[in-house]
């Protein structure tokens, strides 16, 4: 959806589904994407998420709306996102780059889903980045944005969903915008966002790095619970050259000295609403009452967009060390994808096992049949 036809080329005000549905051979023109030509070409890398009630949550620049999942037309215009106190015309997608996460959904999945968008900037060259996040429950009748202050300013931040339901914010700059050589004053500290805490008390400043993570940097959750941090591309040939060093970030749940739990799972291809058995192969230090399962959707992340991101806490019950977990009910709660399944002993996650939920309706698994080639996945 959206984007440009080439580097600094005209925008593409359309959307398409791949593979094309039966009878569809072209993309769909959308007027609200074309308007982005007049507001700084801000339809590149829009933030989007499937909503539990149906429809697609969508943002570009400071706009937000709910779209039809059938033809992508606007169903409901939501309030514009607030930005700087003295400049409401701020954006949160590339090139005014912030980052978005869908907050955790917990069985029975009846609470309205919330989205969190952090960072961004204004059009003015060299302008200060935003020092806030905005939070909304788009499915609610009177949905509106709530501002949450960050400890510091960020444009081009990375945000990673953790298996315990928290979110790690790191990287980016405090001045400028997304693009090569267009930002400065790197933000070196990490911040933890905990949605279980009261509004205004959810941010905690963590450790600093010595490596600037600017344009095209990334952070990814690994199956052992650590975060892999890499990039960025050249910002210039002096102060921010191309960064080839890779770091691991160790969240506090790996620093307590507690052993990570272990489990086995046989069935890794799940149907919506069905139950599956797994076996604990280690003792729980926190006890069965404090054991949870989280399902972390596989993510393709770039330019502040974490495509496919979801954090789910499904129903789980145990008899001794034999446990049953129930798959999410449908594709609106849990879009078809691969998910990392973590078992949490209190705050401490296991190593993950990958499961596929909802099959492969997008036919991503239709690999070519070549001699000696073994397709990945189930």
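Between residue 142 and residue 266, the modelled label-to-label distance comes to 5.3 nm, taking each label 7 Å out from Cα in the direction of the beta carbon. Quick one: Debye curve from the C-alpha atoms of the chain, no solvent, what's log10 I(q)/I(0) at q = 0.09, 0.12 Å⁻¹? Rounded to two decimals, the profile gives -0.53, -0.97. With neighbour counts taken as other beta-carbon atoms within 10 Å, the residues 145, 250 rank, fewest first, as 250, 145. Report the FRET efficiency, 1/(1 + (r/R0)^6), for residue 373 and residue 223, where r is their Cβ-Cβ distance and R0 is 35 Å, rounded to 0.05. Result of the calculation: an efficiency of 0.90. Computed packing ranks the peptides 358-367, 273-282 as 273-282, 358-367, most packed first, by mean other Cβ atoms within 10 Å. If the convex hull of the alpha-carbon atoms of region 81-254 is projected onto planes in all directions, what is the mean projected area in square nanometres? Convex hull of Cα atoms, orientation-averaged projection: 10.5 nm². Sorting 58, 373, 180 from the fewest to the most surrounding beta carbons within 10 angstrom yields 373, 180, 58.
Using the Cβ-Cβ distance between residue 307 and residue 252 with R0 set to 30 Å, the FRET efficiency from 1/(1 + (r/R0)^6) comes to roughly 0.65. Per residue of the chain, the DSSP helices (runs of n ≥ 4 H) give a summed -39500 (n - 2.57) that works out to 0 deg cm²/dmol at 222 nm.
Look at the alpha carbon pairs under 8 Å that are at least 6 residues apart: their mean separation over the length of region 310-352 gives a relative contact order of 23 percent.
Apply the a/c threshold of 1.5 to the C-alpha gyration tensor of region 165-291 and tell me whether it is rounded, prolate or oblate.
It comes out prolate by the Cα gyration axes.
The gain in end-to-end length when the residue 86 to residue 24 segment is fully stretched comes to 17.8 nm, 0.36 nm per residue minus the alpha carbon separation. Spatially, region 261-292 and region 153-177 are offset by 30 Å when compared through their Cα centroids.
When the square roots of the Cα gyration tensor eigenvalues are ordered a ≥ b ≥ c, the ratio a/c for region 263-357 is 1.5 or more and a/b exceeds b/c, which makes its shape prolate. The packing ranking of peptides 130-136, 228-234, highest mean first, is 130-136, 228-234, where packing means the average number of other beta carbon atoms within 10 angstrom of each residue. Just to confirm my numbers, what's the Cα centroid distance between region 81-102 and region 126-152 in Å? Between the Cα centres of region 81-102 and region 126-152 lies a distance of 8 Å. Shape of region 202-272 from the C-alpha gyration tensor: prolate (a/c of 1.5 or more and a/b above b/c, with a ≥ b ≥ c the square roots of its eigenvalues). Footprinting exposure proxy ranking of 50, 147, fewest other C-beta atoms within 10 angstrom first, gives 147, 50.
No value in this document is a laboratory result; all are computed from the given coordinates. Note that the coordinates shown come from a computational prediction; the quantities given were computed from them, not determined experimentally. Cβ: placed from backbone, ideal geometry, glycine included. Neighbour counts: every protein chain shown.
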